[in-house]
Amino acid sequence: MEIKTFGVIGAGQMGNGIAQVVAMSGLNVIMNDIRQEFVEKGVKAITKNLDRSVDKGKMSKEDRDAVLGRIKTSVDIKDMADVDFAVEAATENEPLKFQIFKNLDETCRPEVILATNTSSIPIGRIAFQTKRPEKVIGMHFMNPVPVMKLVEVIRGLATSDETFNVTWELAEKFGKTPALANDYPGFIANRILMPMINEAIFCLYQSVGTKEDIDTVMRLGANHPMGPLTLADLIGLDTCLAIMETLYDGFKDSKYRPCPLLRKYVEAGWLGRKTGRGFYTYD
């Protein structure tokens, strides 16, 4: 299966990051979102990342322009009729993802693989929304996509060997290191990471330590590159809550119960970096 044009649904932090690494690999990209302002913001973020690489001498201006030239924007999901592979990178919202996959299934050619960048929602549940469950797979990139090397590849119960092999090879083409995860809520990365972040929030909630001390302990004591509360702000507290709810719903185990403080912040709209305020305040 030859992949020439790659579709990305969602131009936010994850979507524009995926579009960037795909375009840098030499493929054409159609980056879609529901509003023109969203795709323009996505292109702006990509341009800023590439400009930074030019300033550091890691990329020539000509290469930057070539990468940007391979990215086409779209606000009509019917444009996905032209792609050879599509990945959904929308908000971690189950009904929204279900609708996107129904639309993709109707729009894309029958042979096109439909991947999801979901952080936690079971692949089989998403595949059930389509008439091609054997061509649905999880392709979970890490944030920030241009920097992080890992891609979790998650097989659903019906995912075919061909779908898996094509997806694995694409991840390698993008300069990533793929790792196989089976289809359980949270997969590997977030089943381990999110309860740790949630426990850090419980530590703050119960006044075990200040946010600064909690982050310092994990940075210097566990050698993490950033503290769990800083990381939660980077990921987005709404995303953290959605993943914890998926884990709790999927396993019915109290150890996955979201911290009440996390829920309170999300309800207040304090979602982290993207809103300017989470556990920390940002410009």
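The values are calculated or read from the model by the stated rules, or taken from the named source; none is laboratory data. Since the structure is predicted, the reported quantities are computational estimates derived from the model, not experimental observations. As a convention, Cβ positions derive from the backbone with ideal geometry for all residues, glycine included, and neighbour counts pool all protein chains shown.
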Please return the ranges of helices (runs of 4 or more DSSP H) entirely within segment 46-146 where 1 or more residues are touching a strand residue (DSSP E or B) at 6+ places or on another chain (Cβ under 7 Å) and crowded, with 23+ Cβ neighbours inside 10 Å. 94-107, 123-127
Report the residue count in segment 128-146 for those that are in contact with a Phe, Trp or Tyr (Cβ under 8 Å, 6 or more places away or on another chain) and over 17 Å from Ile3 (Cα atoms). 4
Given the residues Val153, Val136, Val83, Val75, which is the only one that is touching a residue at least 40 places away in the same chain (Cβ under 8 Å) and within 27 Å of Ala242 (Cα to Cα)? Val75
From the options Leu241, Leu247, residue that is more than 16 Å from the chain's Cα centre (by Cα) and touching a residue at least 24 places away in the same chain (Cβ under 8 Å): Leu247
Determine the pairs where a residue that is touching a residue at least 60 places away in the same chain (Cβ under 8 Å), located within segment 181-197, has a partner that is surrounded by fewer than 20 Cβ atoms within 10 Å (Cβ to Cβ) and among the hydrophobic types (A, V, I, L, M, F, W, C) with Cβ atoms under 7 Å apart, the partner being 6 or more residues away or on another chain. Asp183/Leu157; Pro185/Phe251; Phe187/Ala181
If we scan segment 214-233, do we find a residue that is in contact with a strand residue (DSSP E or B) (Cβ under 6 Å, 6 or more places away or on another chain), in a helix (DSSP H, G or I) and under 24 Å from Gln13 (Cβ atoms)? yes
When segment 102-135 is examined, which residues are found to be in contact with a Leu (Cβ under 7 Å, 6 or more places away or on another chain) and under 23 Å from Met194 (Cβ atoms)? Ser120, Gly124
I'd like to check something: does segment 1-9 contain any residue that is more than 14 Å from Met80 (Cβ to Cβ) and under 19 Å from the mean Cα position of the chain (by Cα)? no
Which of the residues that make up segment 148-157 are crowded, with 18+ Cβ neighbours inside 10 Å and hydrophobic (A, V, I, L, M, F, W, C)? Val151, Val153, Ile154
For Gly236, state whether it is on the phi > 0 side of the Ramachandran plot and not assigned by TED's automatic domain parsing to the domain that holds Ile126. yes
Long-range neighbours under 8 Å by Cβ, at least six apart or interchain, first residue in the same structural domain as Pro146 (by TED's automatic domain parsing) and under 25 Å from Gly7 (Cα atoms) within segment 50-72, second surrounded by 10 or more Cβ atoms within 10 Å (Cβ to Cβ) and among the basic types (Lys, Arg): Leu50/Arg64; Asp51/Arg64; Ser53/Arg64
